[in-house]
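Engineer: Let me begin by handing over the structure; questions about it come next.
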Amino acid sequence: MITAKRKRFCEEYIKSLNGSEAAILAGYSRKTARNKASNLLTIPEVAKYLDQLQTKIAKRNEITIDKLIQDLMEIKNVDIRDLYDEDGLLIDISQLPASLARCIQEVTETKSGFKIKFYSKLDAIIQLAKHLGFYEKDNSQSKSEINITVTKDENIEKYKEHLEKLAKLN
């Protein structure tokens, strides 16, 4: 059975993923918050409650791993040229496709125009690689099966070559 204080820790942790902050907000000592958070996260009941909270949040917001991967792929594949029309003029942000607009982290007005900052492609690639198991301890794939759905618009030969390369790695 999980205590009320541990539940509060979980509820705070799920908001920020900052263990020390969550421990303090749950009523644990500032001095020991970091260690306490680390210890709490290893307790099976706490881990189970955190999992339940994450599942509720994911269901409520209709978040799936596939949707998250699609978002990361949009960031990875963003092309700065898509911000400009055929005359080389910056497209009004309200006219950008939603998939491109979601990749923009920040827009700042400068003396000479606008500075547009995209979310980090490198961070997106790292997150994708972690999710797909590219960072296993021994640097080998944990799964020998890869499922790829190819739509009629995609180049099938490209995927065949890619699969052959992956097969050679296994």
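Rule-based calculations on the coordinates, nothing more; no lab input. Just so we're clear, the structure is a prediction, and the values are computed from it rather than from any experiment. No Cβ is skipped: glycine too gets one built from the backbone with ideal geometry, and neighbour counts run over all protein chains shown.
Engineer: Go ahead and run the numbers for FRET between R30 and R60, Cβ-Cβ distance against an R0 of 45 Å, rounding to 0.05.
Structural biologist: For R30 and R60, the calculated efficiency is 0.90.
Engineer: Across segment 28-68, how large is the tail of the calculated P(r) beyond 12 Å, expressed as a percent of all Cα pairs? Walk me through the numbers on the way to the answer.
Structural biologist: Details: 545 of 820 pairs.
Of all Cα-Cα distances in segment 28-68, 66 percent exceed 12 Å.
Engineer: Okay, next question. Tell me, what is the Rg over Rh of segment 65-121, with Rh the Kirkwood radius over Cα pairs?
Structural biologist: On the way: Rg = 12.3 Å, Rh = 12.2 Å.
That ratio is 1.00, to two decimals.
Engineer: Kindly provide the GluC sites (Glu not before Pro) of segment 4-66 that DSSP labels as loop, not H, G, I, E or B, and whose Cβ sees at most 11 other Cβ atoms within 10 Å. Provide the component values of the computation, followed by the final result.
Structural biologist: Values: sites: E11, E12, E21, E45, E62; in loops: E62.
Here the GluC sites (Glu not before Pro) that fit, given the DSSP loop and packing criteria, are E62.
Engineer: Next up: Beyond a 29 Å Cα-Cα separation, which of these cross-linked pairs lie in this structure: K7/K121; K59/K121; K56/K115; K36/K121? Could the numbers behind the result be given before it?
Structural biologist: Values: K7/K121 36 Å; K59/K121 27 Å; K56/K115 38 Å; K36/K121 34 Å.
As for pairs spanning more than 29 Å Cα to Cα, those are K7/K121; K56/K115; K36/K121.
Engineer: Remind me, what semi-axes does segment 4-60 give for its equivalent ellipsoid, largest first in whole Å, using sqrt of 5 times each Cα gyration tensor eigenvalue? Can you show the working numbers first?
Structural biologist: Values: eigenvalues 75, 25, 15 Å².
Each semi-axis is √(5λ); the values are 19, 11, 9 Å.
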